[in-house]
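Data block below; observations after.
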Amino acid sequence: MSTGLEIGDLTVPRAGFPIVRGVSLHIPAGEVTVLLGANGAGKTTLLEALSGLIPATSGTVELDGVDIAGFGRVQRALSGLGHVEQGRHVFGELTVAENVEVATGEAGAIDRALAMFPELVPRRDVLAGSLSGGEQQMVVIARALARNPKALLLDEMSLGLAPVIVQRLLPIVRTLADEGVAVLLVEQYANLALGIGNSAYVLNRGAVVLQGTARELAENPDSVRDAYLGTSAVTTGG
Ligand SMILES: Nc1ncnc2c1ncn2[C@@H]1O[C@H](COP(=O)(O)OP(=O)(O)O)[C@@H](O)[C@H]1O
Ligand SMILES: [Mg+2]
């Protein structure tokens, strides 16, 4: 089994300015690691650097014990790193099966990926553009699963979806981890994410300001809120 994803002291710039600053994350196989943080904290920037979409200036990235920091995006994907990008859509003019097929040439992989989403199976030959928003997000995730990733980065997969859809998707994320995938879950529905997570980190202005087990964070909403707002280091002086 894979050991997961290890990120050490990663710094990632945007337009020459460091947006992610010295971030270290431990994302074990078989676990859901939740990454929280306000809009603009640098979550997407971090994930894009992990999957090789943008370069990091320094730091280490190891997948299953292999140093992939020098790999390009295709090499990282082939090494087993999957990334469901924020705002990613289906190809509406392709069928459900074709959407998954573009990620992999392998027919068995399509069935395996769709099997995670029983509601998609009878709809495999309909145009993906005709599906509901929640079903389209399932297709996007199935596309990533078709490559059989060792580690999966999920960036706000529930953006724009109703909480009821999120409650349908999150147990699937849990199942993936239970099957051995190392999952990094970026999610705005913090409580729902912590409910299925093992450990969690809060990012603020590109740095980790709070980390713990998912249960610890769920039981300390005040600390999490302070970490989001960046006020956790501020003392009131009584
Ligand atoms: N393409 C870009 N060029 C320059 N700055 C960017 C770009 N994308 C995001 N940023 C900036 O980087 C910071 C972090 O953004 P992002 O990683 O998208 O945060 P999050 O995903 O946590 O909302 C923000 O200040 C944002 O304005
Ligand atoms: Mg983002």
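Below, the figures for the structure above:
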| item | result |
| --- | --- |
| Every residue from the range 4-34 that is in a strand (DSSP E or B) and aliphatic (A, V, I, L, M) | L5, I7, L10, V12, I19, V20, V23, L25, I27, V32, V34 |
| From the options I54, I110, residue that is closer than 15 Å to L10 by Cβ and not charged (D, E, K, R) | I54 |
| Those residues of the range 49-97 which are in contact (Cβ under 8 Å) with a residue 24 or more places away in the chain and of a type in the set (D, E, K, R), in sequence order | E62, D64, R76, E85, R88, E93 |
| Any hit, the range 131-141, residues being in contact with a strand residue (DSSP E or B) (Cβ under 8 Å, 6 or more places away or on another chain), assigned to a helix (DSSP H, G or I) and aliphatic (A, V, I, L, M) | yes |
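Values quoted throughout were computed directly from the atomic coordinates according to the rules given, and no laboratory measurement underlies them. Keep in mind it's a predicted model, so treat the numbers as computed, not measured. Don't worry about glycine lacking a Cβ; one is built from the backbone with ideal geometry, like all the others, and counts go over all protein chains shown.
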